[in-house]
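The values are calculated or read from the model by the stated rules, or taken from the named source; none is laboratory data. These numbers were taken from a predicted model, which means no experiment stands behind them. Heads up, the Cβs are rebuilt from the backbone with ideal geometry, glycines too, and the neighbour counts pull from every protein chain shown. Note: areas computed on protein heavy atoms with side chains; ligands, DNA, RNA excluded. Shrake-Rupley method; radii C 1.70, N 1.55, O 1.52, S 1.80 Å.
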Amino acid sequence: VQLQASGGGLVQAGGSLRLSCEASGRSFSRYAVAWFRQAPGKERDVVGAVNWSGTDIYYTDSVKGRFTVSRDNAKLTVDLQMNNLKPEDTAVYYCAASNDAWLPIVIFRYTNWGQGTQVTVSS
């Protein structure tokens, strides 16, 4: 499965952005998908993830209540709605897919990656 992320941009603190991860490949519905982010000089960390069916969703603590992951297997998309953005959310955001049957939240379980999309939050 191939992935393409889009939707990044520049937004003021408190604003919102919606990232979209579009997939190609009929097997997409069997993959868990996660959003990661990487700020300059920092490691790439998971932000949120959703299992293949959409029934299991994970969020890292710093985005709980602000970010929402959703998937539409018919449309082959996984979106990341980001509300109440903070300057510390500034990073390059990546979507990635894993064919694990459960919902992995460690980076090495994700084998298919999209290109990153830059999110910049100004104070």
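Return the residue satisfying two criteria in turn: it lies in segment 48-65 and is out of contact with any Gly (no Cβ under 8 Å at 6 or more places or on another chain) and of a type in the set (S, T, N, Q), and of such residues it is most open to solvent (accessible area, probe 1.4 Å).
In this case the residue turns out to be THR55.
Residue by residue, here is whether (1) surrounded by 14 or more Cβ atoms within 10 Å (Cβ to Cβ); (2) assigned to a loop (DSSP other than H, G, I, E, B); (3) among the small types (Gly, Ala, Ser) holds:
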site: ALA23; (1), (2), (3): yes, no, yes
site: SER27; (1), (2), (3): no, no, yes
site: GLU43; (1), (2), (3): no, yes, no
site: VAL46; (1), (2), (3): yes, no, no
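All but one of (1) over 16 Å from VAL1 (Cα atoms); (2) of a type outside the set (A, V, I, L, M, F, W, C); (3) assigned to a loop (DSSP other than H, G, I, E, B) hold for ASP100; state the number of the condition that does not hold.
Looking at each condition in turn, ASP100 falls short on (1).
Can you work out which of the residues in segment 66-81 that are surrounded by 15 or more Cβ atoms within 10 Å (Cβ to Cβ) and of a type in the set (A, V, I, L, M) is nearest to GLY15 (Cα to Cα)?
LEU80
Kindly list, by first and then second residue, each pair from a residue in segment 89-106 that is free of Cβ contacts under 8 Å to residues at least 24 places away in the same chain to a residue that is open to solvent by 30 Å² or more (accessible area, probe 1.4 Å), limited to pairs with Cβ atoms under 7 Å and residues at least 6 apart or on different chains.
none
Return the residues of segment 107-123 that are free of Cβ contacts under 8 Å to residues at least 12 places away in the same chain and open to solvent by less than 10 Å² (accessible area, probe 1.4 Å); say none if nothing qualifies.
Scanning segment 107-123 gives no hits.
Out of all the residues in segment 52-66, is one or more touching a residue at least 24 places away in the same chain (Cβ under 8 Å), within 28 Å of SER123 (Cα to Cα) and not β-branched (Val, Ile, Thr)?
Taking every residue of segment 52-66 in turn, at least one turns out to be touching a residue at least 24 places away in the same chain (Cβ under 8 Å), within 28 Å of SER123 (Cα to Cα) and not β-branched (Val, Ile, Thr).
Out of (1) open to solvent by less than 50 Å² (accessible area, probe 1.4 Å); (2) modelled with pLDDT of 95 or more, the odd one out for GLU88 is which?
The one condition GLU88 does not meet is (1).
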